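The values are calculated or read from the model by the stated rules, or taken from the named source; none is laboratory data. Note that this is a predicted model, so its numbers are computed, not measured. Neighbour counts are summed over all protein chains in view; Cβ atoms, including those assigned to glycine, are modelled from backbone coordinates with ideal geometry.
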């Protein structure tokens, strides 16, 4: 809600010219979501401070979100927007100081062109990644950074720090650059996906990032977060049900990657001309490389799985197979390849992907003509929407779409549509099921659908120690991860109960002691006995 | 005059050339909706009834419509020429696919009549050639149409016969819907005559015989008729059958007193002192001794060496006019197949019993008819026993068994009896595969390790409303599976003989007197247990759920889709998830200065609805919790089918378990609820509660949402204030902004205080409290319908550190004093930071009256409406309650429906349906602040 810009230039009041706002006036600017006020708490020859205060009306904020979008969640009404230096403040800043951002000042052109002693203060900056990330983002730009975490609640010390940081930036920079840094980095630090989505973000980013973004070491994180905030798919129902159960919405999000952010390709093209570094640490960091693992650690803990090339599971960004040289293929790719080649070896021609997520395996199956019938099913309507988009279902030729069935189902409910396939694939699915509900899944898949083959892949928890920065399980929604022994025990028991035989295969380069990063079991229905009369 | 009789549910195929008068005939004898004509279908697909190019498409459509009608059980008449075999064949196949009978009615008119009729119709300009050709086809057909596969071909020759013909409808053979019982349905007997007599006696049947229309009580002893002494059989109340309410199915064994009834009669003693609940292990001994000693109710006395008198019932009747129903397999394996047949045949012939065919009757008849059959599975015993019987009896038995039908629909279609059960699509149908299903059941085509066919678990998939009762597969204990039950408890294998009383749903069983035949498969193999499997069809798509409280509730497809995701990813086992709480609306918005909500509106609302007494209950502001508790793991297994040793669950409004490991909470809560087992006379209970503190469950939500707002506001507002103060010091005009910011600063402090009040640290269960305020259900009762005074006083007896009591106040709405008292109570409570209270009618009130409204406190509402809501009350007063209130009513009806279905012992999917519906409706977008 508050941003102050101080300069000790002489005369300091020239700041008024540069900002195009007179130090002795109080000016109001109306926005759809509230009112921005610019005033000067101090304005002397030695020191001049401009304050931008944004008052947000949460009720108006909801109404501006989108026409006809229904009320769905309390977080729309009770949120930090009226207090925090959020992406909304960036929007107001971009607007109120538009000319200054462009570096134009007819009255003092030479001042606009040269670095000035500046101090910028943001009392409550939402900062996903903590003070440390604020340092990482601002210091490379020439700022001296002072960032202190705000405690969540003084009376509950055990609750720890809030996501807010009291930030002070000091440095000698061009004012226009300073404003553009804020304009881009406030939303990046905020990293909130609920509020404010503009259609032309890519252009804005390119313009505001001119001259500094291309060389920024955290460029990948900045662009991904800046654009990744845009979630085009409504999650209203999930948000409501989350609140109903006293949960946060993120806790209910399905483990699925959303489609490529529209415009990202265009951005790549524009920025390619600025000779962006080609070594993208984020795309496929390897476990052994501390630098890349560090850069990946932040999005793993905080970013929603929402942009490409981020895969469905954050673990896939953590590491793939160990390879001393060159880039290893991501684990999710290796896993998909392993499943595909196993299916081919089994001679399966019809396959159902149970828990298909965003449809990566389904797409791969469809691209191989040997699979004449392919089904993808998931419990999440959101996942299915993403899969349909990624597969370009609406433009798929008849001959291809005739091979495909995509539908919502739940693996704890028997379903006739599961039956009639040579093979069923449960790729990284069982670990998303609460252990007490696994017996229902077993009954539904092995007892009712009863395909000739069932392929199950799941993380090998023993391997997790190889992921230097991983704490806990590989995904928030994982209810468990198994050791090789636990997996085998489950598989043997299930196979015996339902008349299957089972064998195992590693996915990814196995560690001699820890085994492979992903373990795979291949179940095959035992030979049927001869029937006889009663 | 010819009467053409067609089955009530059948496909009627009209056959005749163009112009033979089929449409006129159909219109005269059938409802317009029953007749599907090819001309009409041709018109639908071509805009021209005579466009011959559209014929294939027209027949596609015709077959489609006919198929849908037949699957829905509707008599259908096909009006097309059908003069060619191929056309008829495809219709016969269609009927077979839907397991209905198919009749043909041939209209054979003179060629010139048909030609003349066509000529008089301008739309039929195809000339005489067509008719002549069709007539040639018909002639060829008529000679062999009887072999087409029609049940019956009715040929009407000439105009007169067609004109005068009438149509009659035959009931399906299986249709005995007019019989409404009450019934005593008896499981597989397999020649166990003595056990049958004992069971019938336990059910209150009395032996005797009918002579010249007169009933003479008595039995045959050692081959000689012995009339019963009047006092022994008329003055004696029937042995009270041990009853077991479904679905716990713990039918109590009744000691066999009946076998000695005649003996008692002879000695003039009363046989009424039946020993109850004799353990099966002793039962055989009891039977042998009591029969041998000839004294009733002797208990396990010394075995007698005397030869047992052969007491045979030749016929039986029930003093209350009950009807016995035998599920088949009367014969084979056991000691006295002829004796069983004699008794059952007399009862059936006299109309006091009905009997369906079992696979063993089927095979025995074939053997008796001299067909080659493999003699196995106890057939030899029957053949040997019948060989000793006299020939006329064998002939009678053969006719009887040959004439048995495979299934009956009884009691208006609410009860279906078939030997091996019957899936819903086959009820009332007739075809080879229906008969085969009813006789042998559904098999997977595989065999198990004992060489017996593996049965397909059709009952698990059964979703019909009719109760299906059957036998065929021996189990230790009869178990209800989706409104179906198997009564074969392996009497001949030394198990017991079981009957089901309908409509009482009581199970009565008597132990076998001995192992008469060794089972290939050990009878003590684990019995089949309903795994509680739910099918996607139970919940997916747009659904209309019938409730007894608010008629039908519609669940839109997209809501069901969201609920499916949450339910299957996060919810507890559906066998615990037997209820979800409905949403609750606030009262009309208050106009009082400073308030959005106030008790006044709540009282007014209920008073206007005619409610005189309400209860005000303190709202606890924790997390809503539903607790299901079983007294023991055994009770959990018996009632809920949960066999992993757990004894309960505590879950949230979305069905999610409260803690990763629920056992400690469940154990402690069970300890706290100990007094309830006795009070409720139940070994399980379901409670509606609030779990405290809020922070125990909602910590993450508090951190990311509420405390974050607190932290941001507490940091940003003072900074803004100091900047503004400095600006004001410079003489800038920021006065209004300063005031506003100052007010917001103090609002932020109040907001922080509002949420912090509901947070306190917990360590494991230390600090967690549970406030139960309603007893939702216990065995056989949907106690949610009880008055709130009962709930509060019953729960008030729980004295345990875990339990928080719910403060409450009853209010007489016609007393202003009483209202004022409650309002003052609310003021005090909310001023101290309480969330507020819920106002409910003191007793369950049917109709469209809110089951309760929540009146929330002024400070609490900051959490809901934001720290500064008090600044814009006028704007916020414009809130719309209609949708929320409607949802509250619908969800409440669904919740009560789930509890009522649970109390009625309905199948899991039936309980799950409304529970799922509540979750689905909760995903409906409404103003979340209400």
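The sole residue among B:780, B:767 that is closer than 30 Å to residue B:551 by Cα, surrounded by fewer than 22 Cβ atoms within 10 Å (Cβ to Cβ) and either out of contact with any strand residue (DSSP E or B) (no Cβ under 8 Å at 6 or more places or on another chain) or not assigned by TED's automatic domain parsing to the domain that holds residue B:680 (or both) is B:780. Going by what's in this entry, would residue B:872 be described as without any contact (Cβ under 8 Å) to a residue 24 or more places away in the chain, assigned to a helix (DSSP H, G or I) and more than 14 Å from every other protein chain (Cβ to nearest Cβ)? When the stated conditions are applied, residue B:872 does not pass them.
Condition check ((1) over 20 Å from residue A:520 (Cα atoms); (2) within 26 Å of the chain's Cα centre (by Cα); (3) crowded, with 18+ Cβ neighbours inside 10 Å; (4) without any contact (Cβ under 8 Å) to a residue 12 or more places away in the chain) across all residues:
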residue	(1), (2), (3), (4)
A:348	no, no, yes, no
A:355	no, yes, yes, no
A:360	no, yes, yes, no
A:381	yes, yes, yes, no
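When we screen B:908, B:930, B:873 for residues that are in contact with a strand residue (DSSP E or B) (Cβ under 8 Å, 6 or more places away or on another chain), closer than 30 Å to residue B:712 by Cα and at pLDDT 85 or above, the only hit is B:930. Within segment A:112-129, the set of residues being within 14 Å of chain B (Cβ to nearest Cβ) and under 20 Å from the mean Cα position of the chain (by Cα) comprises A:126, A:127, A:128.
Scanning segment A:394-451 for residues that are more than 9 Å from every other protein chain (Cβ to nearest Cβ) and assigned to a loop (DSSP other than H, G, I, E, B) turns up A:396, A:397, A:402, A:403, A:419, A:420, A:421, A:422, A:428, A:429, A:450, A:451. Out of all the residues in segment B:348-384, which are surrounded by 23 or more Cβ atoms within 10 Å (Cβ to Cβ) and closer than 18 Å to residue B:313 by Cα? Scanning segment B:348-384 gives B:353, B:355.
Applying the condition of being outside any helix (DSSP H, G or I) and out of contact with any helix residue (DSSP H, G or I) (no Cβ under 7 Å at 6 or more places or on another chain) to segment B:189-205 and asking which residue is surrounded by the most Cβ atoms within 10 Å (Cβ to Cβ) yields B:205. Residue B:586: in contact with a helix residue (DSSP H, G or I) (Cβ under 6 Å, 6 or more places away or on another chain) and either closer than 22 Å to residue B:881 by Cα or crowded, with 22+ Cβ neighbours inside 10 Å (or both), yes or no? No: the conditions fail for residue B:586.
Given the conditions (1) part of a helix (DSSP H, G or I); (2) away from every other protein chain (no Cβ under 14 Å); (3) surrounded by 19 or more Cβ atoms within 10 Å (Cβ to Cβ), which single one is not true for residue B:408? It is condition (1) that residue B:408 fails. If the condition is being in contact (Cβ under 8 Å) with a residue 60 or more places away in the chain, surrounded by fewer than 17 Cβ atoms within 10 Å (Cβ to Cβ) and touching a helix residue (DSSP H, G or I) at 6+ places or on another chain (Cβ under 8 Å), then segment B:642-668 contributes only B:643.
Condition check for residue B:305 on (1) out of contact with any helix residue (DSSP H, G or I) (no Cβ under 6 Å at 6 or more places or on another chain); (2) modelled with pLDDT of 95 or more: one failure, at (2).
Of the residues in segment B:830-837, at least one is away from every other protein chain (no Cβ under 12 Å), closer than 23 Å to residue B:612 by Cα, more than 25 Å from the chain's Cα centre (by Cα) and touching a residue at least 12 places away in the same chain (Cβ under 8 Å). With respect to (1) touching a helix residue (DSSP H, G or I) at 6+ places or on another chain (Cβ under 7 Å); (2) facing chain A (nearest Cβ under 10 Å); (3) in contact (Cβ under 8 Å) with a residue 40 or more places away in the chain, the lone exception for residue B:540 is condition (3).
Condition check ((1) surrounded by 18 or more Cβ atoms within 10 Å (Cβ to Cβ); (2) on the phi > 0 side of the Ramachandran plot; (3) at pLDDT below 90; (4) within 11 Å of chain A (Cβ to nearest Cβ)) across all residues:
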{"residue": "B:670", "(1), (2), (3), (4)": "yes, no, no, no"}
{"residue": "B:675", "(1), (2), (3), (4)": "no, no, no, no"}
{"residue": "B:686", "(1), (2), (3), (4)": "yes, no, no, no"}
{"residue": "B:697", "(1), (2), (3), (4)": "yes, no, yes, yes"}
{"residue": "B:709", "(1), (2), (3), (4)": "yes, no, no, yes"}
{"residue": "B:714", "(1), (2), (3), (4)": "yes, no, no, yes"}
{"residue": "B:721", "(1), (2), (3), (4)": "no, no, no, yes"}
{"residue": "B:734", "(1), (2), (3), (4)": "yes, no, no, yes"}
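Of all residues in segment B:899-914, those satisfying the criterion of being farther than 16 Å from residue B:573 by Cα and in a helix (DSSP H, G or I) are B:899, B:900, B:901, B:903.
Of all residues being touching a helix residue (DSSP H, G or I) at 6+ places or on another chain (Cβ under 9 Å), without any contact (Cβ under 8 Å) to a residue 60 or more places away in the chain and not in a loop (DSSP other than H, G, I, E, B) in segment B:385-394, which is farthest from residue B:314 (Cα to Cα)? Just the residue, please. Going through the qualifying residues, I end up with B:387.
In summary, residue A:459 fulfils each of the numbered conditions (1) surrounded by 20 or more Cβ atoms within 10 Å (Cβ to Cβ); (2) part of a loop (DSSP other than H, G, I, E, B) with the single exception of condition (2). With respect to (1) closer than 21 Å to residue B:505 by Cβ; (2) within 14 Å of chain A (Cβ to nearest Cβ); (3) touching a helix residue (DSSP H, G or I) at 6+ places or on another chain (Cβ under 8 Å), the lone exception for residue B:442 is condition (1). Would you mind stating whether residue B:885 is away from chain A (no Cβ under 14 Å), assigned to a helix (DSSP H, G or I), touching a helix residue (DSSP H, G or I) at 6+ places or on another chain (Cβ under 6 Å) and surrounded by fewer than 23 Cβ atoms within 10 Å (Cβ to Cβ)? Taking the combined requirement at face value, the residue does not satisfy it.
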